[in-house]
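Enquirer: Here it is, the structure, as structure tokens.
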Amino acid sequence: MIEVRNLTKTYGDTVAVHGISFRVPEGRILGFLGPNGAGKTTTMRILTGYTPPTRGSASVGGYDVVRQPRQVRRIIGYLPENAPVYGEMTVRGFVGFFAETKGLAGAALRRAVGQALDECGLESVADRLLMNLSKGFRQRAALAQAVVGDPKVLILDEPTVGLDPVQIREIRGLIRGMAERRTVILSTHILPEASLTCSRVVIIARGRVVASGTPENIHSTLQESNRMTLLVRGLPDKVEKVLTEVPHVQKVRREGASRTHEEGMEKPFTPRTIEEYQVRVEKDHDIRAELAAAVVGAGLDLLEMRSVGLSLEDVFVHTITDETEGVRHDG
Amino acid sequence: MTASATAAAAPRSRRPGALVLTVFRREIRQYFQTPGTYVALAFFLLLSGAFFVLIVGQFVEDSARALAAATPSENAAALNVTQQVVTQLFQVLNFLLLVVAPMLTMRLIAEEKRSGTFEMLVSTPLGNWDILIGKYLAALAVCAALLAVCVAYPIVCATYSRPEWPVVWSCYLGLALIVAAYAAFGLFASALTESQIAAAVISFVGLLVFQMIGYLFKAGTLGLAAGALSIGSHSDNFTQGLVSLSDVVYFVVFSIFFLFLAAQILDSRRWRA
Ligand SMILES: Nc1ncnc2c1ncn2[C@@H]1O[C@H](COP(=O)(O)OP(=O)(O)O)[C@@H](O)[C@H]1O
Ligand SMILES: [Mg+2]
């Protein structure tokens, strides 16, 4: 239903989207996951025909977004980022206006508006002005605008950003309900949103697809490492050096490293300092014994060691961090 | 059904023009809801009323003085209500519209771009022209309401004198054409920016330039060209009761031209880097 092929979009020297490809089959809900600035909004704007791609192509419902934008706009419902609304309109008037733009009139329009208001839980505020409503209701009204007239494809840009946890849960429920009959692509920078709401996830960072598949799928293929947590007594610099030299260790990070610096803690490190260290180990290697031997062999005290599986969250953070190394600092 | 094999059926709008009407109705409602509309209306009505009183007062004074002192031929000139009141009022209304039209059009596109609803609007089946014409007609409707109120002035004149009605009507037609041009330019300015204030300033200054160029350059071919492009030189005839085809065509073409430019600007995001 949605097909994106090798899509690239540049703004001057900025490459917002860099050769991404993915497909959303009919009736599926795709989570488009990435940190801020990854290129999610740009991709969605290309899908709605708002802005053209620099290279590559995209189609929605079989229509090319560049060559057949009018046909595309007839079958999509779009919720732009930040859910803009006409504040001076009532919820009903607002949704009704967008129903009219989709060619509805008379009884069919009233039925469609009623349905959309019902679907988005807006009946209680249907005749209030949007500017007097909470962010949650405005977000729903913007969603109702996208849904009204029952478009085949929904394109939702960060539908839950700026909402409180209760509202987020409600909106997620709404979207899941909507996806039963429609093809949905929703973007988010929050991982649980993608893994809870979507059947498939595409992770993008810096304009490139870094992973895609079902949430479980991504989890296992991306889990190239295990994580160990060690509690060690000794000079942190020395501990880090010793741990890093153990074979198959990818990365060592002292918990709270940046915190200590930032708060300018006066207590200097001594050989008696106790710190927690996160050690990333290559997948399929059990090096607990080697780690313990190295620590003890260097005259340090190993107080605790445990193995921590990576959550999808960790995978997400690591994936996008690897892509953006140098931009992000630990901490 | 596979996505690429058969394109999904896209519902079509039933009547042509229905979408224009949809945009038009929303904009009219928006005008009623926007405080700026009332500010612009109050500004226009208060100032035009005040100027009317001043102009009439001056006319009465002049007439009285002329009646007391002068020869009959001078009387006739002094007592010409058409020359003294109607054409002066035309100039005043023309200038007030030059200020008010940008105030009424500044919001139309700039505010939608700023708030983000523009992106929503252009992802609907509405075309650029549906949006532009709907908004333009709404602005024209409000301007028409302003001009309708101005009917009061010649009617007041007519209660104590006899204005030349053909001149009154040609002035009216002139103002209608002028305001259509102002609104088109204002809509164009509103499409240029995300800031309402910037849009108002651009349209006010731009229209002022179009008013003045005829007077700024008088000599040679430059003067000729400036005169041909100037709003000012095309509105003078209306105050003489003359409706010339070239003036009418000028304002119609001026309006279409700037609507067309506005459409190009809306489209430009598709080809601009
Ligand atoms: N209109 C624009 N002009 C210039 N740069 C832009 C524009 N829109 C987005 N960008 C840049 O493209 C990158 C991707 O932005 P965006 O698609 O908004 O990311 P996301 O929605 O994932 O946060 C960012 O670096 C952003 O600064
Ligand atoms: Mg975004």
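Enquirer: So for the stretch A:110-118 (the condition being more than 10 Å from chain B (Cβ to nearest Cβ), under 19 Å from A:ILE29 (Cβ atoms) and more than 22 Å from the chain's Cα centre (by Cα)), does at least one residue qualify?
Expert: Yes: one or more hits.
Enquirer: A further question follows. Restricting the search to the stretch A:10-36, which residues are within 12 Å of ligand 1 (Cβ to nearest atom), touching a Ser or Thr at 6+ places or on another chain (Cβ under 9 Å) and open to solvent by 10 Å² or more (accessible area, probe 1.4 Å)?
Expert: Scanning the stretch A:10-36 gives A:THR10, A:TYR11, A:VAL15, A:ALA16, A:HIS18, A:PRO35.
Enquirer: Under 6 Å between Cβ atoms, at least 6 apart or on separate chains: pull out the pairs that start in the stretch B:24-37 with a residue that is crowded, with 18+ Cβ neighbours inside 10 Å and end on any residue that is polar (S, T, N, Q).
Expert: B:TYR31/B:THR37
Enquirer: Among residues belonging to the stretch A:72-91 that are charged (D, E, K, R) and closer than 24 Å to A:THR183 by Cβ, point out the one that is farthest from ligand 2 (Cβ to nearest atom).
Expert: Going through the qualifying residues, I end up with A:ARG74.
Enquirer: Continuing with the same structure: Find all pairs meeting these conditions: Cβ atoms under 9 angstrom apart; at least six residues apart or on different chains; first residue within the stretch A:7-22 and on the phi < 0 side of the Ramachandran plot and of a type in the set (Lys, Arg); second residue open to solvent by 60 Å² or more (accessible area, probe 1.4 Å) and more than 15 Å from ligand 2 (Cβ to nearest atom).
Expert: Cβ pairs passing all conditions: A:LYS9/A:VAL15; A:LYS9/A:HIS18; A:LYS9/A:THR54; A:LYS9/A:ARG55.
Enquirer: Could you go through the stretch B:177-200 and let me know if any residue there is under 30 Å from B:GLN84 (Cβ atoms), in contact with a Phe, Trp or Tyr (Cβ under 6 Å, 6 or more places away or on another chain), open to solvent by less than 30 Å² (accessible area, probe 1.4 Å) and among the hydroxyl-bearing types (Ser, Thr, Tyr).
Expert: no
Enquirer: Among the candidates A:GLY136, A:GLY106, which residue alone is modelled with pLDDT under 95 and more than 29 Å from A:VAL72 (Cβ to Cβ)?
Expert: A:GLY136
Enquirer: Checking B:SER195 against (1) under 23 Å from B:LEU45 (Cα atoms); (2) touching a residue at least 40 places away in the same chain (Cβ under 8 Å), which single condition isn't satisfied?
Expert: The one condition B:SER195 does not meet is (1).
Enquirer: Look through A:ARG110, A:ARG181 and report the one residue that is in a helix (DSSP H, G or I) and open to solvent by 10 Å² or more (accessible area, probe 1.4 Å).
Expert: A:ARG110
Enquirer: Still on this structure, please answer the following. Could you check the stretch A:37-74 and list, in sequence order, the residues that are among the hydroxyl-bearing types (Ser, Thr, Tyr), within 16 Å of ligand 1 (Cβ to nearest atom) and either at positive phi or within 9 Å of chain B (Cβ to nearest Cβ) (or both)?
Expert: Correct list: A:THR48, A:TYR50, A:THR51, A:THR54.
Enquirer: Got a number for residues in the stretch A:149-178 being more than 16 Å from ligand 2 (Cβ to nearest atom) and assigned to a strand (DSSP E or B)?
Expert: So the count comes out to 2.
The values are calculated or read from the model by the stated rules, or taken from the named source; none is laboratory data. Model, not experiment: these values are computed from the prediction. Don't worry about glycine lacking a Cβ; one is built from the backbone with ideal geometry, like all the others, and counts go over all protein chains shown. Areas reflect the complete protein model, heavy atoms only, side chains present, ligands, DNA and RNA absent. Shrake-Rupley method; radii C 1.70, N 1.55, O 1.52, S 1.80 Å.
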